[in-house]
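> Handing you this structure, nothing more for now.
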Amino acid sequence: MNQTNASSLLLKGGRLLCPASGLDQAGDLLIRDGLIAAVGRDLTETGAQVIDCAGLLVTPGLIDLHVHLREPGQEYKETVASGSAAGAAGGFTGVCSMPNTNPVNDSRAVTELILAKARQAGLCRVYPVGAITLGLKGQAMAEMAELKEAGCVAVSDDGRPVADSRLLRRAMEYAAGFDLPVICHSEDLRLSAGGVMHEGPTATRLGLKGIPAEAEVICVERDLNLARLTGARVHIAHVSCAGSLEAVARAKDAGLAVTCETAPHYLMLCDQDVGDYDTNFKMNPPLRTPADSRALRRGLAEGLIDAVATDHAPHSILEKEVEFDQAAFGVVGLETALGVVLQLVEEGSLSLPQAISRLSSAPAQALGLPGGRFQEGSPADVTVIDTARPWTVDPGQFRSLSRNTPFAGRVLPGRAVLTILGGRITHRLQGD
């Protein structure tokens, strides 16, 4: 990773693609004192560091709504610094950190620690997500006013659902009063209990206990009904199946303030890919059927799914190189997400503007975050992408401390070659 403190950068001759502002043209982007100074053609700036972007895609910085940075408490899996480095390497300038740390991010002290670590690393904008309930125990609400004041951008008990519907209703009402989005991990724990992969023929063949799609769908329906009741802004995390999409579609048609995300692995993989008990394909919710994957791709293209988020969940070999039943749920994704989405573009499932929108402006809009568009005077968070630079996923080269990816050995068609945060280069891919 190279960094520079040059006061001016001039990105010359790239394809400027900003879906939020309808910009798609060859041109230049001028960055001065950390801000976007001009967007246009034939720009010049005395003393600027000029970067030739001919043949490259220049987009607003990518934003990931769903990552687990593991700090505090599990720094052997990931830290704010290593996760930020992984994000920058993947083209992300902003990431939302989930609260299931140890201690849980249910207080000002933990939020401020995360933000301090992020400032120290200086590689990504880290947006903390606070807990809905104290200790993620689902028994009493966390102090949302304190969390928002400390810097949280949303609340969630991600990793576990809030099973008590009455408590979740009150939490949504309270969050609405502070204009805090509620990110729902929608799962009926009684239906999913003991399951380790999608319930279906593959699970039966492997002798593994399954998790039916209904464990997700039933809870998505409940969460959306509570959104209707309370008027809260609700974001459904890691949608994995067609039934959940149908519920989201009805909620959006009814005019509810609802958004949702899916992850790259649900778009590209299915339960059959678990193969010979490969724990790098174990996540929660689990990989579903090929039909579910196709439905998610359609939903993403149509805009029913607002954003692609990685659900980056680092685990060490201690948690993954064990029997499938015993392995931890979760996979890393910050360094492969863009490449997977570009593969969807290459295959014709998405247009390039749709892909960039789902990774930049739509995530920003879903949680009301800054960024996601080229706007003069705004912080210069920029991703430069080579869409025609095939590479083979090698977990040994990850900036993340963990290696638990389902995409190891896969050839992806392109990647971020330059990531700029507030006018500073935080990642620059060197030549082959």
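The values are calculated or read from the model by the stated rules, or taken from the named source; none is laboratory data. All of these numbers come straight from a predicted model, not from anything done at the bench. Heads up, the Cβs are rebuilt from the backbone with ideal geometry, glycines too, and the neighbour counts pull from every protein chain shown.
> With 357, 349 as the choices, which residue is surrounded by 24 or more Cβ atoms within 10 Å (Cβ to Cβ), assigned by TED's automatic domain parsing to the domain that holds residue 270, over 21 Å from residue 69 (Cβ atoms) and among the polar types (S, T, N, Q)?
Result of the check over 357, 349: 357.
> Taking the stretch 20-54 only, how many residues are touching a residue at least 12 places away in the same chain (Cβ under 8 Å), assigned to a loop (DSSP other than H, G, I, E, B) and within 27 Å of the chain's Cα centre (by Cα)?
Total satisfying the criteria: 2.
> How about the stretch 113-225: which helices (runs of 4 or more DSSP H) wholly inside it have at least 2 residues that are over 30 Å from residue 81 (Cβ atoms) and touching a helix residue (DSSP H, G or I) at 6+ places or on another chain (Cβ under 8 Å)?
In the stretch 113-225, the matching helices (runs of 4 or more DSSP H) lie at 165-177, 189-192, 201-206.
> Restrict the check to the stretch 178-189 and report whether at least one residue is closer than 19 Å to residue 257 by Cα, surrounded by fewer than 22 Cβ atoms within 10 Å (Cβ to Cβ) and not β-branched (Val, Ile, Thr).
Within the stretch 178-189, one or more residues are closer than 19 Å to residue 257 by Cα, surrounded by fewer than 22 Cβ atoms within 10 Å (Cβ to Cβ) and not β-branched (Val, Ile, Thr).
> Run residue 139 past the list (1) within 25 Å of residue 186 (Cβ to Cβ); (2) surrounded by 15 or more Cβ atoms within 10 Å (Cβ to Cβ) and report the number of the one that doesn't hold.
Failed condition: (2).
> How many of the residues in the stretch 120-150 are out of contact with any Phe, Trp or Tyr (no Cβ under 7 Å at 6 or more places or on another chain) and closer than 26 Å to residue 399 by Cα?
Of the residues in that region, 10 qualify.
> Please go through the stretch 285-320 and pick out each residue that is surrounded by fewer than 21 Cβ atoms within 10 Å (Cβ to Cβ) and in a loop (DSSP other than H, G, I, E, B).
289, 303, 304, 316
> Ok, one more. Among the numbered conditions (1) part of a loop (DSSP other than H, G, I, E, B); (2) surrounded by 16 or more Cβ atoms within 10 Å (Cβ to Cβ); (3) among the charged types (D, E, K, R), tell me where residue 64 comes up short.
In the conditions (1) part of a loop (DSSP other than H, G, I, E, B); (2) surrounded by 16 or more Cβ atoms within 10 Å (Cβ to Cβ); (3) among the charged types (D, E, K, R), residue 64 misses (1) alone.
> Under the condition of being under 14 Å from the mean Cα position of the chain (by Cα) and of a type in the set (Gly, Ala, Ser), which residue from the stretch 321-338 is surrounded by the fewest Cβ atoms within 10 Å (Cβ to Cβ)?
Here the answer is 330.
> Shifting gears a bit: Considering only residues that are of a type in the set (Gly, Ala, Ser) and either over 25 Å from residue 31 (Cβ atoms) or in a loop (DSSP other than H, G, I, E, B) (or both), which ones fall in the stretch 335-370?
Passing the criteria: 339, 348, 349, 351, 360, 366, 368.
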